[in-house]
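Written below as structure tokens is the structure these notes are about.
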Amino acid sequence: MGFKLFGLGGQQEPTLDEVHDQQGRRPSATEAIAVDVRRKSVDNRQITGASQITTRQSIVPVALVTTLFFLWGFAYGLLDVLNSRFQVALHITQGESSGLQGAYFGAYFIGPLTYSGWFVRKFGYRYTFILGLCIYCVGALMFWPSAVKRSFGGFCGSMFIVGSGLSTLETSANPYIAVCGPPKWSEFRLELSQSFQAVGSVVAPVLASYVIFKNVGENGESLESVQWVYLGIAGFVALLAVVFFFAPLPEITDTDMADQAEMTTGSTGYQDKPMKRQYTLFWGVAAQFSYVGAQVAIAGYFINYYTQARPDLPTLTAQHQGANYYAIAQGLFAAGRFAAAGLMYFTKPRWVLLVFQTLIMVFIICAISVNTGGTTAANWGGLSMLMLVLFFESCIFPTIFTLSLRGLGRHTKRGASFLVASVCGGAVIPAILGNVADKTGTRVAMVVPLAFFAIAWTFPIYLNLYKAKELDAYRESKVGTAEGVVDEDSRIASISHGMFHDKDVEASRTEVKGY
């Protein structure tokens, strides 16, 4: 048995007949949590009872998985600083330095659609977390010989392995947070957890400026500190893999998700479609590809934007200060995530997504068009506009992710693999921006992420115009608010109250072909 590209091989999702046959003897959420102490993988076609996990029962597993978000936020924050550092230390151009982003995010295209997407369906979330951490550890260790040899190709290879590990973690962590607990709080949970990823992205450039790259030699070309920081990361990640083996993590299968969808108002018909007809998912994938690529492009060249906006400073000084201002911008990004999470607790996530993406468009246009410094003074106006772009970028990835997964039911894990794979936009768009920036300057080259933000902007417009009713049904759901609760007009409630005729029950159990 093997797996094929795009997750079409290996273990398939359960059929609806298999789901329905188990619903009469569904374990409780308490039993599902008790199973985790065995630390065994769970059959993806088995109902475990995790479809009913309450907020209280989800606190510990969600908190543990949230530590992973900080981990790859830290790695991502270092990536952006390494981009500008290698331009100086290894004498490469902006276009060439985008190879780091290409390697890191290129791994996101390969992993989720092949081995990691297959692995999470075959062995479950726990062992996918451990696999991702082990791959990440190997990649971090490879930074040592790359730094010794001063090989940019070696760094790109090491970053590809790191990206492979982190993409494996994201293939499991993002959907796990989204589905572990009441469906009505799915967007809020992932937004709050990813806020700690943003905190990691703030900490990394600060440490890079004041600790990691504080002593880089008189010419700024020493890479010794890079060796030691990634050796420390490798040790920490290896320890974390051991922690996750013993951690209390209830497994959530695709059968659980299909079961949960049938407990929820107005979702049965949506999740019952074959995978190839999940149009909202694929629109979300396109939006995620465009958005992530644009975000990564801005982050990767923020320090270059700052350097060119400060013609009054020497290049090395501007780069050091640029790292500090990038840390402030990442602080705004983190604050934006916490703010968005707060808004989602009180209002509809689809509205938050539309407002934030609209404001991204406004402020990046300003960052391109405003130049308050001319050719000799600092362009503080353009810089402030670009920093506000990072604030409003904050909530976009997790919100697109969760809204795209809404109602997928038995297709949830495979759908999540496609969404994580779309992160590979970060391998494409920064390279375009870098090469344009070499010819036009970084400020003008920001038209590249602007174009891709416009593509991503179509997704919240589509959701608010055509999918509002389905999304709001989840927002109003009572599933998981207490153990055993289902929505009154869901399929499960209708059957339990005898509201379905025999022929309707039989029709609802018909297996959908073609997935």
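Worth a mention:
- DSSP-assigned coil residues among GluC sites (Glu not before Pro) in segment 445-487, each with at most 15 further Cβ atoms within 10 Å: Glu476, Glu483
- The calculated FRET efficiency for Ser384 paired with Ser151, based on their beta-carbon distance and R0 = 41 Å, is about 0.60.
- For segment 16-476, lysine pairs separated by 8 or more sequence positions, or belonging to different chains, with Cα-Cα distances below 12 Å total 4.
- Per residue, segment 365-445 exposes an accessible area of 26 Å² to a 1.4 Å probe, with every protein chain left in place.
- Under the shape rule built on the C-alpha gyration tensor, where the axes satisfy a ≥ b ≥ c, segment 398-474 is oblate, since a/c reaches at least 1.5 while a/b does not exceed b/c.
- Note on segment 16-476: Kirkwood radius taken over Cα pairs, Stokes-Einstein applied at 37 °C and 0.692 mPa s, translational D equal to 147 µm² s⁻¹.
- Accessible area ranking (1.4 Å probe, heavy atoms, ligands and nucleic acids excluded), largest first, for His320, His411: His320, His411.
- Accessible surface of segment 16-476 [probe 1.4 Å, protein heavy atoms]: carbon and sulfur percent: 68
The values are calculated or read from the model by the stated rules, or taken from the named source; none is laboratory data. From a predicted model like this one, the values you see are computed outputs, not experimental measurements. Cβ atoms come from the backbone with ideal geometry, glycine included; neighbour counts cover every protein chain shown. Side chains are part of the model used for accessible areas, which takes the heavy atoms of the whole protein and leaves out ligands, DNA and RNA. Shrake-Rupley method; radii C 1.70, N 1.55, O 1.52, S 1.80 Å.
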